[in-house]
Amino acid sequence: MVEMFKIIHKSVETFTVKFKEEIRRYNYVTPTSFLELLNLFRTFLTQKRIQQFKSIDRLKNGLDKLNSANQAVEEMGIQLKEMQPILEATQLETIKTMESLKIDNEMASKQ
């Protein structure tokens, strides 16, 4: 990174000379501008790190929710297996009730 910053700063000095020759305007490249470049980089780096930490937190929260949903589905599957005999008995009872209602309905329609 240090080499890159040196190259950037030196290239700005080169373009400053070119800028003066072409447009006849002065642009000063000082050690302060180099320090400002470093501060700008530090600011961007801090912002990107904050964004990464937020993204990591969002990802962790999403994974936690998926894991809890997976556990809930497994628990429901166990409950369904436990309730299967009760559901089958209730279904048979419903069929019997429907048949008796059908018979009662036929008797009532005849009367």
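We did not get these values from a lab; they are worked out from the coordinates using the rules stated. Model, not experiment: these values are computed from the prediction. Cβ placement follows ideal geometry from the backbone for every residue including glycine, while neighbour counts extend to all protein chains displayed.
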What's the angle, to the nearest 10 degrees (0 to 90), between helix 2-23's Cα axis and the longest principal axis of the chain? 60
Straight distance only, please: which lysines reach the Cα of residue 81 with their own Cα at less than 28 Å, same-chain residues fewer than 8 apart left out? 65, 96
If you plug each phi of the stretch 33-44 into the Karplus form 6.51 cos²θ - 1.76 cosθ + 1.60 with θ = phi - 60°, what whole-Hz ³J(HN,Hα) values come out, in order, with x for Gly and Pro? 5, 5, 5, 5, 4, 5, 5, 4, 4, 4, 5, 4
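Compute the projected area of the convex hull of the Cα atoms of the chain, averaged over all viewing directions, and report it in nm² to one decimal place.
With every direction weighted equally, the projected area is 18.2 nm².
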Paramagnetic reach from residue 95 in the stretch 64-86 [backbone N under 17 Å; point 7 Å along Cα→Cβ]: 84-86
Could you give the nm distance between label points at residue 107 and residue 61, where each point is 7 Å from its Cα heading toward the beta carbon? 6.4
Per GNM of the chain with C-alpha springs under 10 angstrom, the most fluctuating residue out of 58, 42, 24 is 24
Charge-dipole axis of the chain as Lys and Arg at +1 and Asp and Glu at -1 on Cβ define it, positive-most pick from 52, 94, 12: 12
